[in-house]
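Notes to accompany the following structure.
Read-outs: derived from the displayed coordinates by stated rules, not from any lab. The structure presented is a predicted model; accordingly, all values stated were derived computationally and were not measured. Glycine gets a Cβ as well: all are built from the backbone with ideal geometry, and neighbour counts include every protein chain shown.
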């Protein structure tokens, strides 16, 4: 049950990262890039293919981070892992508080501008490289949601790779949708920005609750709740 919940939380954190105030503003630039800038507009297929390589770019970086965390954390003794779990719980609570707006961290609120200064002969290669740069350069921007997932990974080292890939998938799906519906998505993005703050706060509250359960070693309550629900529904 915990593993399933963790992957859902990681995927949701990726979606929340896309909705963050310093990622949504880059979407118009992303759309312009996929459309070929001032040149002739490419086909819908080429736009979608470029978005796929962009997502692959940052997914590779997060996958490498997941492998690194898995390797390092698995080498830690069991007693230390218990403390890592508690620390991870505190990290999740902290970033949950940040997402609800109760804690402010200026470093996580830096503004970013979307630009591509170098292009390769292949649009797909350019998109892949830019995706990798996005993962590295925008880490402070998406740090709250990503930090919560790293804290969650500290509580379950064997799931570190899966959690980071679930996060990358959650962040990548909106970009893939943008690539496929590039011509129709601009208005939707503007409307989405209006509710993004409320969705983020709700997710922050969920993280606080999860962090408290992890810190107090009470995650079994989730499994017990699911068991009771199944019994009542039987």
Fill in the blank from the handout: Ordering 97-103, 54-60, 144-150 by per-residue average of other C-beta atoms within 10 angstrom, highest first, gives 144-150, 54-60, 97-103
Practice task
Could I have the simple spin-label model distance between residue 192 and residue 173, label points 7 Å from Cα toward Cβ, reported in nm to one decimal?
Solution key: 1.1 nm
Exercise for the section: Multiply the residue separation of residue 72 and residue 32 by 0.36 nm, subtract the distance between their alpha-carbon atoms, and state the gained length in nm to one decimal. Expected result: 10.4 nm
Fill in the blank from the handout: For the pair residue 124 and residue 45, the simple spin-label estimate (label points 7 Å beyond Cα toward Cβ) gives in nm 1.2 nm
Problem - Linear extension gain, residue 4 paired with residue 24, 0.36 nm per residue minus alpha-carbon span - result: 4.4 nm
